[in-house]
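A short write-up of the structure that comes next.
The values are calculated or read from the model by the stated rules, or taken from the named source; none is laboratory data. Computed from a predicted structure; not experimentally measured. As a convention, Cβ positions derive from the backbone with ideal geometry for all residues, glycine included, and neighbour counts pool all protein chains shown. The protein model used for the area step is the full one, side chains on, heavy atoms only, and it has no ligands, DNA or RNA in it. Shrake-Rupley method; radii C 1.70, N 1.55, O 1.52, S 1.80 Å.
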Amino acid sequence: MSAKPGSAERFEAAGSDVDDARELYREAYRIGGMTVEPTAAEFGYRFTSTGDDDLSLRASQVEGRITGASFTQGEYVVSWMTRGEGVSDLLGSPMKFLHGQPAMFANDRPAQFDLIDYRLNMMHFGGAYLEGVAGETEGSVGPIRFDTTFRPSGAGLHRWNASVAAVAGVVYDDDSPALLRAEARRAAAVSLLETFPHLALRPPTEVAVAASARTRTAVEYLVANAHLPIRTEDVAAAAGMSLRSLQSAFRREFDVTPADYLRAVRLDRVRDDLRDADPGRTTVGDVARRWGFGHLGRFAAGYSRRFGEYPSATLASSNAIGTRPRSLG
């Protein structure tokens, strides 16, 4: 169970019983034709999961051998092994796990696997959630097909690892605000799409132009609810528009996505808070996290592009030293 209301859901199971391990993994991954057996070492297993339906971080560690055919559907899974050996997708495009190098699981079809004395880290993205982010950022529609043989390297691997570390820091922290969690999930989804080659199984389609009045309603909703972990689907519903119409309208009228527009609103709120803050009692990091910005380097770069100064400069010149009357809003 979670340690704090509103925090990530947590699950953990561990033991040394082969039958218990078999039942756990069969249920968690819809594994068929499954075998679980000891190897030279004493058998043991540990499985953990932290997160929610949109994104969960999982780890599986087994002293033993597990084989079977998993069926991943309704979600997208990326994994990387840190110990042991294993092969996946034996009936499709065989993928040998390489330590520290992430790869995508096959989706919507059985994938035979063989894992021995291993530790495997995984990120599970909800299918509807990831497809929604892909639709917003790439204009795609529906399911996504990833290249399961691709392994990032060099700068791409470095960026991916940094993204994983950032989202893990938020997800595992029960004190992370809901807004920060939502932004961390989205950043992880964008990083996945940027890192791993993929194709939309249905190509982008043109949609009807949204009425300006509805677009204004969407903007008003974004401004009024910027302090909440809202989704693009929430904005579309509030404006009485389809998700595709909303995205098309924002690109046409503002040349940004609704999520980009929301981040700009939140940057404005950060600036207001920094200008009203006491530099002796408030830090830039505190204010940034309050508004959902978990990666301070990217936040500072975006802030300086928008306002022509770094957030630390805004805080240093705040009204706390008498330069500006405090806002009544």
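Since GLY33 meets every condition but one in (1) at pLDDT 85 or above; (2) in a strand (DSSP E or B), which condition does it not meet?
(1)
Here's a check for you: in region 139-169, which residue that is more than 18 Å from TYR129 (Cα to Cα) and either of a type in the set (Phe, Trp, Tyr) or touching a Lys or Arg at 6+ places or on another chain (Cβ under 7 Å) (or both) is modelled with the highest pLDDT?
Here the residue is TRP160.
Sort out for me the helices (runs of 4 or more DSSP H) sitting completely within region 216-329 that have 2 or more residues that are within 24 Å of the chain's Cα centre (by Cα).
By residue number, 232-239, 243-254, 258-275, 284-290, 296-307.
If you check PHE105, PHE47, PHE71, which single one turns out to be among the aromatic types (Phe, Trp, Tyr), at pLDDT below 90 and open to solvent by less than 40 Å² (accessible area, probe 1.4 Å)?
Going through PHE105, PHE47, PHE71 in turn, just one is among the aromatic types (Phe, Trp, Tyr), at pLDDT below 90 and open to solvent by less than 40 Å² (accessible area, probe 1.4 Å): PHE105.
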